[in-house]
Structure formats: C-alpha cells, structure tokens
Amino acid sequence: MPLAEKLVETQRLMAARDELARAIYESIGVYLGYAVAQYADFYELRHVLVLGRVMSGEGGDVILSTARQV
C-alpha cells in the first residue's frame, strides 16, 4: 500500500474508534514532543506550526495532546 493510502486507512480506523489507530497517532505525538524539545535546546521557540495531512481530523488532536504531555 502506498503511504497516502495507509494514511487514509488509518484515518478511517481512527474515525471508527480503533485503539490501534489511536496508538499510531500517540506514537507520532511522542516523537513530535521529543523533537520539539530537542530543537528548543538550540533555538528560542515561541510558536511551533505543525502542518500536513496527518494533522487533519481527530488524529491530529491526539498527536498534539500527546506532544504537549511529553
């Protein structure tokens, strides 16, 4: 499956309240949280703009909330 189709399927599963799909988005959030913290060691960050198709829908909310917890 091409990556774009994998994302569409994951978003479909997320809309159906699948726990494995939610775990994918939580993992992305953990990586994002640590990456932003690493960048903050070198740059003075005030705002971070997160874009992309993966951030649309409920999955994007899960990513951001998990990244904030990290």
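The values are calculated or read from the model by the stated rules, or taken from the named source; none is laboratory data. Because the structure is a prediction, the values reported are computed rather than measured. When we count neighbours, we look across all protein chains shown, and the Cβ atoms used for this are built from the backbone with ideal geometry, even at glycine.
Residue check: is V54 surrounded by 12 or more Cβ atoms within 10 Å (Cβ to Cβ), in contact with a Gly (Cβ under 9 Å, 6 or more places away or on another chain) and modelled with pLDDT under 95? Yes. Would you mention how many residues in the range 7-24 are farther than 19 Å from V70 by Cβ and in a helix (DSSP H, G or I)? Summing the residues that are farther than 19 Å from V70 by Cβ and in a helix (DSSP H, G or I) in the range 7-24 gives 12. Scan the range 5-47 for residues that are free of Cβ contacts under 8 Å to residues at least 24 places away in the same chain and of a type in the set (G, A, S) and jot them down. Within the range 5-47, A16, A23, S27, A35, A40 qualify. Scanning the range 48-61 for residues that are part of a helix (DSSP H, G or I) and either closer than 20 Å to A4 by Cβ or more than 12 Å from the chain's Cα centre (by Cα) (or both) yields a total of 6. The single condition from (1) closer than 20 Å to K6 by Cα; (2) over 11 Å from the mean Cα position of the chain (by Cα) that Y31 fails is (2). Tell me yes or no: at least one residue of the range 25-47 is of a type in the set (D, E), surrounded by 12 or more Cβ atoms within 10 Å (Cβ to Cβ) and either at pLDDT 95 or above or not in a helix (DSSP H, G or I) (or both). Taking every residue of the range 25-47 in turn, at least one turns out to be of a type in the set (D, E), surrounded by 12 or more Cβ atoms within 10 Å (Cβ to Cβ) and either at pLDDT 95 or above or not in a helix (DSSP H, G or I) (or both).
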